[in-house]
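The structure follows.
Every read-out reported here was derived from the displayed coordinates using simple, explicitly stated rules and does not represent laboratory data. This is a predicted model, so every value here is computed, not measured. Glycine gets a Cβ as well: all are built from the backbone with ideal geometry, and neighbour counts include every protein chain shown.
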Amino acid sequence: MTTKEKTGRTPVKQKKKPEKEAPRPLQDVVYMPPKPFMRNRLLLRLATVVAIVLALVLAMSVFFRVEHIQVSGMDQYTAWDISQASGIKQGDSLFSLGLPGATARILELDYVKDVRIGIRLPNMVIIDITEVRVTYAVKGQDDEWWLVDSSGRIIDKAMDDSQESCTKILGVHLLNPEAGGQAVAQETNTPQVDENGNTIPVTVTAAHRLNVALNIADYLEANGIIGQAASIDVNDLGDIQFWYGQQYQVKLGNESQLSYKVSLAKGAIDKLSQESHNSGVLDASLTVDKTGVRYTRFQ
């Protein structure tokens, strides 16, 4: 007997439970390239930046060029001397001048103590120098010391023993010295009269001795002896001499070939200075040794 027959009901079919789905595998990550318009926009921006940089470089190289060189602070040199020494020329780019190198070249000049170089847009270079001031001390007719330069220009009266740091010119006095004026030697030798009443002219004037002393000052400076000579003695123009500090007494003999004699003495001083504790007399008169300088050590 079936269930239906037993109960008089039609049996209800039971639903099957759905089977669980297997987990799906993870999909691979796929790189998608940027869209073409984004890449083009980046390239456009880069091209714009490059164009601006090139335009600036071109503008600086074409428009910002040296047309004027302004030099100040010089006394011993001319503006042309300083600009030539710097190596800066008209037409150079203001932004590629190499200012440290230009400064170093100017500092090689003997009288230059300090240099400042700047630029002023759009076309000017400004050079300001500080020179070494070389002064010499000469006594006036009242035995007061006066400061002069190698051209004979009177700078001022020496104050507070300032002459002690200068090269002293011995053997001549100044007549009525005034600051800013030109040095004039006081004539101390008076003409003599012979037995017949004729005037014997002075053979060596004070003006000539002063001129010789100033020439020697020029020669010393030309050889780099700046502020190192203690004195220049022109009392006797047959036995001219100068002292290099307190170390060397340099004899130049008479006034012939003074420039050459000073250069020989400077060479001997440089050579002797390589050895310590040297001091003595350097005879550069050319009457003792035609080929050089004779050195005699102080006892």
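Which whole-number percentage describes the relative contact order of the range 74-177, with Cα contacts under 8 Å and a sequence gap of 6 or more?
19 percent
Which cross-chain or sequence-distant (5 or more) residues have an amide H under 5 Å from the amide H of Y77, H modelled 1.01 Å from N in plane?
Residues meeting the criterion, in which the H sits 1.01 Å from N, do not exist here.
Taking square-rooted eigenvalues a ≥ b ≥ c of the alpha carbon gyration tensor, is the range 75-222 rounded, prolate or oblate, where a/c under 1.5 means rounded and, failing that, a/b exceeding b/c means prolate?
Since a/c reaches 1.5 and a/b is larger than b/c, the shape of the range 75-222 is classed as prolate.
Another question about this same structure. Suppose R0 equals 22 Å. What FRET efficiency, 1/(1 + (r/R0)^6) with r the Cβ-Cβ distance, do H68 and Q228 give to the nearest 0.05?
It comes to 0.05.
Summing +1 for each Lys or Arg and -1 for each Asp or Glu, what net charge is found among the other residues whose Cβ lies under 9 Å from the Cβ of G91?
My count for the surroundings of G91 gives 0.
With 31 Å as the limit, write out which pairs from K89/K261; K89/K168; K113/K168; K139/K266; K89/K266; K157/K271 have Cα-Cα distances beyond it, or answer none.
K89/K261; K89/K168; K89/K266; K157/K271
I'd like the Karplus ³J(HN,Hα) series for the range 91-105: coefficients 6.51, -1.76, 1.60, θ = phi - 60°, whole numbers in Hz, and an x wherever there's a Gly or Pro.
Values per residue, Gly and Pro as x: x, 5, 6, 5, 9, 9, 7, x, 4, x, x, 5, 4, 4, 5 Hz.
A further question follows. Taking amide hydrogens as modeled 1.01 Å from N in the peptide plane, which residues meet the under 5 Å criterion relative to W146, leaving out close sequence neighbours?
V138, K139, G140, A158
For the range 88-138, just say rounded, prolate or oblate: build the C-alpha gyration tensor, square-root its eigenvalues into a ≥ b ≥ c, call rounded for a/c under 1.5, and beyond that prolate if a/b exceeds b/c, oblate if not.
In terms of gyration-tensor shape, prolate.
Each residue of the range 116-132 in turn: what ³J(HN,Hα) in whole Hz from Karplus with 6.51, -1.76, 1.60 and θ = phi - 60°, glycine and Pro shown as x?
Once θ is set to phi - 60°, the couplings for the range 116-132 become 10, 10, x, 10, 10, 5, x, 8, 10, 10, 10, 10, 10, 10, 10, 8, 6 Hz.
Can you classify the range 224-271 as rounded, prolate or oblate using the Cα gyration tensor, where a ≥ b ≥ c are the square roots of its eigenvalues, rounded means a/c under 1.5, and otherwise it's prolate if a/b beats b/c and oblate if not?
The shape class here is oblate.
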